[in-house]
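*Asks:* One structure is given below, represented as structure tokens, and several questions about it will come after.
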Amino acid sequence: MQLEVYIDVLFFVNTVMDFLILMIVDRVRRQGASKKRMLLGAAIGGVIACVLAVVRLPMILSFFIAYVLTAFLIIRIVFGKQKKGTLVLNVIYLLFITFMLGGAISSIYTYTKAGYYIRMILAGDSSMRGITLLILAAAIILSGLLLYRKTRREKKDESNIYPIMMKVNEEAVNCNAFLDTGNGLRDPVFGTPVILVEKNLLGDIYERIKEKRPELIRVIPYRSVGKAEGLLMGLKLDELIIMNGEEKISNRSVIAALSDVSLDGKRRYQALLHTELFHG
């Protein structure tokens, strides 16, 4: 049985996958490489893969060239001159991500219909195969860019999450809170900044003090997208402490409005902060 190798297919697949892997390495390692350098490195990786597919070499030598020499060469091209330790670490990241991604793709190819459709494409007309590969390459790159943007947005969100402590009626409740730049809620009477807190955190305290200490209870009007207006029940905190790294920011004039719905589907935080609170 003779194995037929399509050089154009091999080059496209390897170049696109190398480009995506280099994007991931660059993002994880924060090297700041340009897209042109990553594309050049990916293309060189694609060329080497084609050469190794045509030139028959001993398996060990072929593996060494494909995964060691090529990795060092690509990293050197993409990230420029680096210290030995940094260079080696970047190569390790490159190889680790390559094997992880390769295993995932192999599983998809083997256990889904993706393998069937790929074989159908390769068995088709050669002119159409080139167009199809271009479309697939564009789709893969677009998917990678969307994943990159999503990951970047999630990391930015996580950098705005702070541990907080709410003190009221000699009780303390701890949770994580998100710094919401769009939160402009204030007490309509006193102008006190308002944070939004999931009701399950302060609901019991609210029920215990609404009759004993009614002066702490507040009614906060609000407006939101999809709902013209509404009212939120809340209570005045004795103190709100925000842990910003080693710094503790204390605020004694804060209202906690109670939300009946979860503020974050991933449960990373249970409260929304007001930007003014970081002034102490």
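The values are calculated or read from the model by the stated rules, or taken from the named source; none is laboratory data. These figures come from a predicted structure and were not determined experimentally. Positions of Cβ are backbone-derived with ideal geometry, glycine not excepted, and every protein chain shown enters the neighbour counts. Remember, those area values only see protein heavy atoms, side chains included, never the ligands or the DNA or RNA. Shrake-Rupley method; radii C 1.70, N 1.55, O 1.52, S 1.80 Å.
*Asks:* State all residues of the stretch 192-204 that are open to solvent by less than 30 Å² (accessible area, probe 1.4 Å) and farther than 14 Å from ILE164 by Cα; if no residue qualifies, say none.
*Replies:* Hits for the stretch 192-204 are THR192, PRO193, VAL194, GLY203.
*Asks:* Let me ask another. Kindly indicate whether LYS83 is open to solvent by 70 Å² or more (accessible area, probe 1.4 Å) and modelled with pLDDT under 85.
*Replies:* Spelling it out, LYS83 is indeed open to solvent by 70 Å² or more (accessible area, probe 1.4 Å) and modelled with pLDDT under 85.
*Asks:* Of the conditions (1) open to solvent by 50 Å² or more (accessible area, probe 1.4 Å); (2) without any contact (Cβ under 8 Å) to a residue 60 or more places away in the chain; (3) not acidic (Asp, Glu), GLY230 satisfies every one except a single condition; which number is it?
*Replies:* So GLY230 meets the others, but not (1).
*Asks:* Looking at (1) out of contact with any strand residue (DSSP E or B) (no Cβ under 6 Å at 6 or more places or on another chain); (2) free of Cβ contacts under 8 Å to residues at least 12 places away in the same chain, find the lone condition where GLY184 falls short.
*Replies:* The one condition GLY184 does not meet is (2).
*Asks:* If GLY46 satisfies every condition in (1) modelled with pLDDT under 65; (2) open to solvent by less than 30 Å² (accessible area, probe 1.4 Å) but one, which is the exception?
*Replies:* Among (1) modelled with pLDDT under 65; (2) open to solvent by less than 30 Å² (accessible area, probe 1.4 Å), GLY46 violates only (1).
*Asks:* Now for a separate question. Against the definition (of a type in the set (Val, Ile, Thr), open to solvent by 30 Å² or more (accessible area, probe 1.4 Å) and within 23 Å of the chain's Cα centre (by Cα)), how does VAL28 come out, yes or no?
*Replies:* For VAL28, the condition - of a type in the set (Val, Ile, Thr), open to solvent by 30 Å² or more (accessible area, probe 1.4 Å) and within 23 Å of the chain's Cα centre (by Cα) - is met.
*Asks:* Which number in (1) loosely packed, with under 12 Cβ neighbours inside 10 Å; (2) farther than 18 Å from ILE164 by Cβ; (3) within 33 Å of the chain's Cα centre (by Cα) marks the one condition that ARG186 misses?
*Replies:* (1)
*Asks:* Residues to consider are PHE72, PHE12; find the one that is in a helix (DSSP H, G or I) and at pLDDT below 85.
*Replies:* PHE12
Quick grid of which residues meet (1) under 22 Å from PRO221 (Cα atoms); (2) surrounded by 14 or more Cβ atoms within 10 Å (Cβ to Cβ):
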position	(1), (2)
GLY245	no, no
ILE249	no, yes
SER253	yes, yes
LEU263	yes, yes
LYS266	no, no
ALA271	yes, yes
HIS274	yes, yes
